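S.K.: The structure is given below, and queries will be raised subsequently.
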Amino acid sequence: MARSWERMVERNTKQINKQRKKQGKETIYASKSSSAAGNSDVFKGRNIVFPIVLLLLGIMFWVVGSIDEARGQGILANWLGVVLYFLLAALIFFRRPFLKVERARVSTIKYNRERWLQASEIEKIILSRSMVALKYKGKRKQWVFSRLLNRYDTAAMGARLEQFAKANNIEVVHE
């Protein structure tokens with residue numbers, strides 16, 4: 001009930017602010033999301049490993065295609081494939097993964113969509129020097145945020161997730 005109430009207030013505030021802006025008046029306090037309210041933190045990483053693999057595959061296809069180019073077969077398809085590998089590597093590199101910690105939920109990008117995990121759905125938070133993991137209740141799944149693969153600041157994430165766990169009565173395991 002509280003979440004739906006917050007969304008309703010947010011929606012109504014946006015509508016009123018649009019009207020006030022048209023009238024030339026100053027807007028009342030409106031937050032586009034709960035992050036503007038100051039109760040959420042966003043930790044951004046950087047994908048490095050997978051883009052490097054894609055670049056190496058692109059280079060490999062380029063070399064193999066240049067050998068095949070001597071015979072004159074499939075020149076356009078080869079270059080198109082190489083360019084698409086490079087573009088995919090750039091897209092994945094520049095789209096930064098993140099962990100957003102709010103008051104009662106966390107969110108991240110999984111499978112090209114933003115996924116949320118409510119505090120009531122988290123069984124425990126596992127913290128170590130090189131990774132942070134959030135384990136679901138009753139499932140084997142977990143979200144893993146690694147310093148090695150995605151260049152997250154795991155120390156700052158761990159400190160913020162400890163506060164989150166304390167506020168929501170979630171078990172924290174230090175490894």
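S.K.: Could you tell me the calculated FRET efficiency between GLU26 and GLN142, based on Cβ-Cβ distance and R0 = 45 angstrom, to the nearest 0.05?
M.R.: Given R0 = 45 Å and the Cβ-Cβ separation, E is 0.45.
S.K.: Still on this structure: Only Lys, Arg, Asp and Glu count, each charged at its Cβ (+1, +1, -1, -1), so figure out the dipole size of the chain about its Cα centre, rounded to 20 debye.
M.R.: 840
S.K.: Run the accessible area of the chain with a 1.4 Å probe and give the carbon-and-sulfur part as a rounded percent.
M.R.: Answer for the chain is 58 percent, counting heavy atoms of protein chains only.
S.K.: Right, next: Mind giving me the FRET efficiency for ASP153 and ARG115? R0 is 22 Å, r the Cβ-Cβ distance, nearest 0.05 is fine.
M.R.: Computed FRET efficiency for ASP153 and ARG115 comes out at 0.60.
S.K.: Follow-up question, since we're still on this one. Relative to the longest principal axis of the C-alpha atoms of the chain, give the angle of the C-alpha long axis of helix 2-22, reported between 0 and 90° and rounded to the nearest 10°.
M.R.: With rounding to tens, the tilt is 80 degrees.
S.K.: Could you point to the label whose value was computed as percent of Cα pairs over 28 Å apart for the structure here, given (i) 47; (ii) 17; (iii) 36?
M.R.: (i)
S.K.: May I pose another question? Rounding to the nearest 20 debye, state how big the charge dipole of region 124-174 is about its Cα centre with +1 on each Lys and Arg Cβ and -1 on each Asp and Glu Cβ.
M.R.: That gives a dipole near 260 debye.
S.K.: Okay, helix-only estimate at 222 nm for the chain: each DSSP H run of n ≥ 4 adds -39500 (n - 2.57), divide by all residues, round to 500 deg cm²/dmol; what do you get?
M.R.: Taking each H run of at least 4 residues, the total per residue is -15500 deg cm²/dmol.
S.K.: By how many degrees, between 0 and 90 and to the nearest 10, does the Cα long axis of helix 49-69 differ from the longest principal axis of the chain?
M.R.: Once rounded, the angle reads 20 degrees.
S.K.: Here is a further query. Helix 154-168 against the longest principal axis of the chain: what's the angle in degrees, Cα atoms only, rounded to the nearest 10?
M.R.: Once rounded, one gets 30 degrees.
The values are calculated or read from the model by the stated rules, or taken from the named source; none is laboratory data. Remember, it's a predicted structure, so these values are computed and weren't measured experimentally. Ideal geometry is used to build each Cβ from the backbone, glycine not excepted, and the neighbour counts take in all protein chains shown. Heads up: the accessible areas ignore ligands, DNA and RNA and are worked out on the full protein's heavy atoms, side chains in. Shrake-Rupley method; radii C 1.70, N 1.55, O 1.52, S 1.80 Å.
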